[in-house]
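Written out below as structure tokens is the structure these notes cover.
The values are calculated or read from the model by the stated rules, or taken from the named source; none is laboratory data. Only a predicted model underlies this, so the values are computations on that prediction, with no experimental measurement involved. Cβ coordinates were reconstructed from backbone atoms using ideal geometry, including for glycine residues, and neighbour counts include every protein chain displayed.
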Amino acid sequence: MEDKKIIALLFRRTEHAITLLKERFGKRLYRTAVNILGNPSDAEECVSDTYLTLWNVIPPKNPNPLDAFVYRTGKNIAINRLRRNTAQMRQSNYALSLDELADCIPGTDLWEQISARELGRAIDRYLTRLSRENRCIFLRRYWFGDSSSDIASAFGMSRNSVDVRLHRLREELRAFLIKEELYDA
Amino acid sequence: MMRNKLHEALNEIQDRHISDAARAARRSPRILWLGTIAAVLAACILIGMLHTQKEPLPVLQHTQPISTTEKLPASVNLVNLVASKEYPKMAAFPNYTGNISNEAYSAAYDIWVASQKAQYNQPTGYADSLTNFFIRSIPEVLKEDGNQAFSPLNVYMALVMLAEITEGQSRQQILEFLGADSIENLRTQAGHIWNAHYSADGLTSTVLANSVWLDDAYTFRQETVDRLANSHYAAVFHGNLGTKELNQQLGSWLNQQTGGLLEKQAENAALHPDTVFALASTVHFHADWDTGFSGKNTKENLFHCASGDVSVAFMNSVRSSTYYWSENFGAVCLELSGNNCMWLILPDEGFCVSDILKTDAYLRLIMDPAKWENQKKCMIDLSLPKFDVSSQTDLAESLQTLGITDIFDCSISDFTPITESPGLFVNKIDHAVRVSIDEAGVAAAAYTVIATPSNPRPPTDEIAFILDRPFLFVISSQDQLPLFAGTVREP
């Protein structure tokens, strides 16, 4: 209901929509931007750019669900900014999380042969099979770039439990990708 | 290359999964955790009851032990354990070694989660009535100069036992101080608090122990002794109180229950030869930092005491955390295993620890940080002195100031629930606490002027939180109750 209201206000070009966007998505957008950029001031600029982009693209777009669209927009803006500053890459939790995930992708020669879309759809199929909690933990780490501590805090677990869980999920993903014959064992 | 491809691949994930993950909330506020050794804390309290004129009475008929799980050394025959109740069993946290199948690990993990839920299934708001007890007791005990430490949880448990063995106005004063309207409700609440704070799963250790020491020369009401054993997990001992041998055994019990942390204080825990009975209560808490400090970043620096500067080791780290501020202090919360926290509360320039203790603002923050208005997530450059604070105080005077008076006066005290012997009074309430922290992590700190903002003004995105002058600390539990509080004036 809230999402529909925000979109309606954006369509009417009412600036109050930005206030509602901040209230509803601001914290998560900022945290994801910090995860990616590793720098609070850059993250704040990135979040401001996200609101501006959303203002410019809605309308004509009418995204449903709104939240995923907002997070994708914010994340891509942060990634583009990160790519312009390779030094920042070293401080990026998100980049580190991608490295962690890359380690579990089997095969090296075939790595080049598969498209990102194909790989992404396979990961999505894998995620669909998981329990809700495991899927959310996986995505918090590898899609939003949250640290183990943040995930532990959010899910009422210990950091060690989160690390163990993520290790198991990566192992299972590797087995799944081999089973799907995307990669050699 | 691989990063780019993976990033693009992750963009293929369905919207509904992204929405769901962003919304996913805390599963339970009580499930446990891990880390490295960081904070060990212990507290004990010993309450001795004297007779104005010791007069031998018929010897107690010993009851059969309920269990013998807490045996004293066989060589000592002067003290006998007559009752103790077994502590709850908790499933051990399954350590993941890689040599275990996913199915086996999942099964062990599920058992551990179920065990946690069973242990911590306490009703909402079970400790709400204790707020006033915390507000009144913490500043009263911490008011003295020098390093001070106090365990509200430990004192609460001892006072609950004291309420069980008193009657009339003696009991009423304790009930009022603890915010309880009846002994039955206090007993129920104490059970919730005991269970909510007991932990023995190999990850976090919080052990609360009680004991009752009865002099052989007196007769005691079995019903009350049984209640102390069964409702409050008290081990019941009897012997000739005040003798050298028994004092050694008492010291040994205190030492054992506090993991050796209060060895020196336990040695001094001697009962007067006229003691008729004594109550002892201990808390031994051992938790790990969620995000540790690196030893290589620990550096010597100056701490500004009232008596002059001293050089101490500072642990340093930079972390993303929430900074809280008020009109006269800044605060951060360091997470410990088991969803416990160590709050560090630093008075702003121009204020001192005593100023902070004058109002209940710091307690309101600790007990409900989500509602605190002035807070901001930012990068915190933390510099914390390693400290090992211990204190041993007689709380008799403080408790009298706080309204518990009759138990100290033999002409009006009422201990009839435990013994018919008249003329009893409490002669001392010995409270010993030790709090010791060390690192497992980071940082280099040179002496830096603190950047804590003065007055309600939002901080910048990076804060230097340097505890190089007297500060207040509070260890709070997963239910945000203050377990330990103390002041560090001379680390």
Kindly indicate whether any position in region B:433-454 is outside any loop (DSSP other than H, G, I, E, B), in contact with a helix residue (DSSP H, G or I) (Cβ under 6 Å, 6 or more places away or on another chain) and at pLDDT below 85. no
From the list B:Ala180, B:Ala196, B:Ala200, B:Ala163, pick out the single residue that is closer than 21 Å to B:Asn427 by Cβ and not aromatic (Phe, Trp, Tyr). B:Ala163
Options B:Gln265, B:Gln257: the member that is away from chain A (no Cβ under 14 Å), buried (at least 20 other Cβ atoms within 10 Å of the Cβ) and modelled with pLDDT under 80: B:Gln265
For B:Tyr126, indicate whether it is within 14 Å of chain A (Cβ to nearest Cβ) and not aliphatic (A, V, I, L, M). no
Could you look through region B:127-174, keep only residues that are among the acidic types (Asp, Glu) and assigned to a loop (DSSP other than H, G, I, E, B), and pick out the one that is nearest to B:Asp414 (Cα to Cα)? B:Glu167
Looking at region A:116-134, I want the residues that are free of Cβ contacts under 8 Å to residues at least 12 places away in the same chain and have a partner that is among the β-branched types (Val, Ile, Thr) and outside any helix (DSSP H, G or I) with Cβ atoms under 6 Å, at least 6 apart or on another chain. Which pairs are those? A:Asp124/B:Ile13
Quick test for you: out of B:Ala200, B:Ala196, B:Ala234, B:Ala217, pick the one residue that is surrounded by 24 or more Cβ atoms within 10 Å (Cβ to Cβ) and either closer than 25 Å to B:Asp414 by Cβ or touching a residue at least 24 places away in the same chain (Cβ under 8 Å) (or both). B:Ala234
Given the condition of a type in the set (Ser, Thr, Tyr), farther than 20 Å from A:Asp124 by Cα and assigned by TED's automatic domain parsing to the domain that holds A:Asp124, answer yes or no: does some residue in region A:149-156 qualify? yes
B:Asn195 passes all but one of (1) over 17 Å from the mean Cα position of the chain (by Cα); (2) at pLDDT below 85; which number fails? (1)
Go over the candidates B:Ala217, B:Ala180, B:Ala209 one by one and state the one that is in a loop (DSSP other than H, G, I, E, B), within 16 Å of B:Leu162 (Cα to Cα) and not β-branched (Val, Ile, Thr). B:Ala180
Could you grab me the full set of residues in region A:139-151 that are within 8 Å of chain B (Cβ to nearest Cβ), in a helix (DSSP H, G or I) and crowded, with 21+ Cβ neighbours inside 10 Å? A:Leu139, A:Arg140, A:Tyr142
Out of region A:35-63, which residues are touching a residue at least 40 places away in the same chain (Cβ under 8 Å) and within 13 Å of chain B (Cβ to nearest Cβ)? A:Asn35, A:Ile36, A:Leu37, A:Gly38, A:Asn39, A:Asp42, A:Pro63
Any chance region A:124-134 includes a residue that's at pLDDT 90 or above, within 8 Å of chain B (Cβ to nearest Cβ) and assigned to a helix (DSSP H, G or I)? yes
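A quick yes/no check of all residues on (1) part of a loop (DSSP other than H, G, I, E, B); (2) among the β-branched types (Val, Ile, Thr); (3) more than 23 Å from the chain's Cα centre (by Cα):
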residue	(1), (2), (3)
B:Thr282	no, yes, no
B:Ala287	no, no, no
B:Leu302	no, no, yes
B:Glu327	yes, no, yes
B:Glu349	yes, no, yes
B:Ser354	no, no, no
Being among the hydrophobic types (A, V, I, L, M, F, W, C), closer than 23 Å to A:Asn93 by Cβ and touching a Ser or Thr at 6+ places or on another chain (Cβ under 7 Å) is the requirement here; does A:Leu37 meet it? yes
